[in-house]
Amino acid sequence: MITLFIVSSLEGWNNIMYFAVDGTDPEHAPVKNNAPWAAYYFVGFILIGSFFFLNLFIAVIFDNFNKSKRNETS
């Protein structure tokens, strides 16, 4: 979950993507460009996760802030 949060925040996501593309089975050394489909996963996750879910999360925080502000002034 922490890795997906880092990817959705767009901070250092490309290094994580390169590690995922080079990944192999457990206890085996990484192989360059072993799983190129993983790059498509990361690009898709950024499009959906970063632009949709992160904006949805910000909208919920903004709405709660406005409710708190209205309750405080009432």
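The values are calculated or read from the model by the stated rules, or taken from the named source; none is laboratory data. None of the values given here were measured: they were computed from a predicted structure. Glycine gets a Cβ as well: all are built from the backbone with ideal geometry, and neighbour counts include every protein chain shown. Heads up: the accessible areas ignore ligands, DNA and RNA and are worked out on the full protein's heavy atoms, side chains in. Shrake-Rupley method; radii C 1.70, N 1.55, O 1.52, S 1.80 Å.
Can you tell which of SER68, PHE53, TYR41 lies farthest toward the positive end of the dipole of region 18-74, using +1 and -1 charges on the Cβ of basic and acidic side chains (Lys, Arg; Asp, Glu)?
SER68
In degrees, nearest 10, range 0 to 90: what is the angle between the Cα axis of helix 54-73 and the longest Cα principal axis of the chain?
Result, in degrees: 20.
Excluding ligands, DNA and RNA, what is the solvent-accessible area per residue of the chain at a probe of 1.4 Å, expressed in Å²?
84 Å²
Tell me, what % of the accessible area of the chain is carbon and sulfur with a 1.4 angstrom probe?
Roughly 67 percent, rounded to a whole number.
Note down the magnitude of the dipole of the chain about its Cα centre, charges +1 on Lys and Arg C-beta and -1 on Asp and Glu C-beta and zero elsewhere, to the nearest 20 debye.
Roughly 380 debye, rounded to the nearest 20.
Here are some values of log10 I(q)/I(0) by the Debye sum over Cα atoms at q = 0.13, 0.14 Å⁻¹: (i) -0.36, -0.41; (ii) -0.63, -0.71; (iii) -0.52, -0.57. Which one was computed from this structure?
Label of the calculated value: (iii).
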